[in-house]
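The values are calculated or read from the model by the stated rules, or taken from the named source; none is laboratory data. Everything quoted here is computed from the prediction, not taken from an experiment. Note that we place each Cβ from the backbone using ideal geometry, even for glycine, and neighbour counts take in every protein chain shown.
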C-alpha cells in the first residue's frame, strides 16, 4: 500500500518524514525553553513550518508528541545502557561497581555532548521533573522502568548488605548527579572561570564515576563507621 501523503509541507514520502522530524525538533526545543505546558501546538508548528493538521496526522495529540520526543532520545540511550550493562555482566557474575555506574552515566553524557539537540533535550528532562504536571512526569518515568529494574539489581549485587531503602536513595542521588552534570555542565565552566570543561566527556565521566562510587560504597545511614 502506498504511504499516505502529508499535505502540510509537501506530498512525497521524503517531505512526510521531514515534517515529522521538524515537528519533533521544534517541540524538543520549545519544551526545553518554555516547558511542556507553555509550549503550544501553534508555536511548535510555526517553528517547524508546518500546520496543526500535521501534528494530528503524525502524532494524534500533544501528549503523544511529548511521548515521541522522549522516546526518540531515551529509547536509543537506554538500549545502550542495557547493552553496556550486559557486557559488564558477561565479564563476571558480579561486575565492578565502576563498570555498572559507567554503563548508566556515560551514555547520557555522550548523548548530551555529541548529539545535535542533546543539550536542549537534557534541559527538557530537567524541566519535566521540576514542573507540576504529573502526567508528563509519568511519561518520562515510563521510559526508565526497565533500566531502573536492571540497574537496581546490578547495584544490589555489587553492594551486598546495603539495605534496599538505602540502595534506592543512592540510586536517586546517582540520577540527580548525572542529570545535573549532563544538563547544567556549563555552570561548572562558568563558576570555575573556564577551568572545568564540560565537553571533556572522558574527564567528566571519570570524575563523575569516581565521585558516585565513593558515595555508593559509603556506610549506610545509622551504621557505625
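Annotations
- Selection of segment 186-209 for residues being part of a helix (DSSP H, G or I) and touching a residue at least 40 places away in the same chain (Cβ under 8 Å) yields 201, 204, 205, 208, 209.
- All conditions but one from (1) under 17 Å from residue 139 (Cα atoms); (2) assigned by TED's automatic domain parsing to the domain that holds residue 111 apply to residue 86; the one that does not is (1).
- The single condition among (1) surrounded by fewer than 18 Cβ atoms within 10 Å (Cβ to Cβ); (2) within 15 Å of residue 32 (Cβ to Cβ); (3) free of Cβ contacts under 8 Å to residues at least 60 places away in the same chain that residue 131 does not meet is (3).
- Looking across 117, 183, one residue alone is surrounded by fewer than 19 Cβ atoms within 10 Å (Cβ to Cβ), touching a residue at least 60 places away in the same chain (Cβ under 8 Å) and within 14 Å of the chain's Cα centre (by Cα). It is 117.
- Checked against (1) over 19 Å from residue 127 (Cβ atoms); (2) in contact with a helix residue (DSSP H, G or I) (Cβ under 9 Å, 6 or more places away or on another chain), residue 177 passes all but a single condition, namely (1).
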